[in-house]
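First up is the structure itself, then whatever we jot down about it.
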Amino acid sequence: MIRPFGLTLCLASAVALLGTGCGSVSEVNQPAASSSQAAASSPSATAKATAHVGATLTLTDEQVTLTKVIDPATGGDQYTVPDTGKRFVAAVFTIKDTATQAGTGDANSNATLIGSDNQDYTADFDSVSECTNFSDGEFQLGPGESTTGCVVFQVPTAVTVAKVQWSPQSGFSGSFAEWLVP
């Protein structure tokens with residue numbers, strides 16, 4: 001049987017991520033819930049914890065602390081320089097596994113910087129001299145273990161850092177942390 005690509009992708013994604021199907025046709029004809037009902041009952045509703053730099057926030061199976069923001073950060077060697085009109089910014093995180101089993105993650109996929117221009121900036125993958133990027137962003141923790149590392153961003157020189165966000169499992173966890181930068 002040949003399945004349309006979207007249905008196959010939907011089924012594969014739903015089973016892998018949620019352990020459920022994509023829903024039945026009868027759901028399409030049900031009245032829409034109000035936005036407050038949808039946020040309260042939807043399994044994909046996002047819970048957000050907000051704090052300031054230095055605070056520890058508890059998310060699904062982990063505690064995350066944005067210990068500091070290094071702005072500007074210096075390239076890891078003489079050849080590592082930001083693009084013209086940009087600077088390096090490093091966000092230093094401490095992550096603690098609060099689950100009962102070992103966990104893994106990728107800090108470069110979990111972290112996002114939001115600038116004063118309301119733009120999202122993703123990890124740049126360059127190294128800086130002030131801190132190390134976990135193990136190329138990846139970390140593995142046993143129950144109760146913690147690790148510290150940084151995620152590097154390139155930000156336009158005229159843009160200030162407004163917020164840093166952490167979304168476990170590259171955004172598929174249903175919750176995220178947000179730190180306001182001064």
- prompt: Pick from 91, 102: which is of a type in the set (A, V, I, L, M) and in contact with a Gly (Cβ under 9 Å, 6 or more places away or on another chain)?
  reply: 102
field: Contacts under 7 angstrom Cβ, first residue in the range 135-164 being assigned to a strand (DSSP E or B), partner at pLDDT 95 or above and exposed (fewer than 14 other Cβ atoms within 10 Å of the Cβ), 6 or more apart
entry: 154/83; 156/85
- prompt: Can you tell me which residue in the range 63-77 is surrounded by the most Cβ atoms within 10 Å (Cβ to Cβ), limited to those that are part of a loop (DSSP other than H, G, I, E, B) and touching an Asp or Glu at 6+ places or on another chain (Cβ under 9 Å)?
  reply: 76
- prompt: Based on what the data block shows, is residue 145 of a type in the set (D, E, K, R), surrounded by fewer than 15 Cβ atoms within 10 Å (Cβ to Cβ) and under 13 Å from the mean Cα position of the chain (by Cα)?
  reply: no
message: One residue is enough: does the range 101-124 have a residue meeting the conditions over 21 Å from the mean Cα position of the chain (by Cα), surrounded by fewer than 16 Cβ atoms within 10 Å (Cβ to Cβ), more than 21 Å from residue 146 (Cα to Cα) and modelled with pLDDT of 95 or more?
response: no
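Please verify whether residue 80 is in a loop (DSSP other than H, G, I, E, B) and at pLDDT 85 or above, treating the condition exactly as stated.
yes
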message: Just to verify a result, which residue in the range 125-142, among those that are surrounded by 18 or more Cβ atoms within 10 Å (Cβ to Cβ) and of a type in the set (Gly, Ala, Ser), is farthest from residue 79 (Cα to Cα)?
response: 137
field: the range 83-100 - residue that is polar (S, T, N, Q) and either surrounded by 13 or more Cβ atoms within 10 Å (Cβ to Cβ) or not in a loop (DSSP other than H, G, I, E, B) (or both) and, of those, nearest to the chain's Cα centre (by Cα)
entry: 94
message: Under 8 Å between Cβ atoms, which residue pairs at least 6 apart in sequence (or on different chains) link something in the range 114-127 that is in a loop (DSSP other than H, G, I, E, B) with a partner that is modelled with pLDDT under 95 and of a type in the set (D, E, K, R)?
response: 125/136
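The values are calculated or read from the model by the stated rules, or taken from the named source; none is laboratory data. The structure displayed is predicted, hence computed values, not measured ones. FYI the Cβ positions are ideal-geometry reconstructions off the backbone, even for glycines, and counts take in every protein chain you see.
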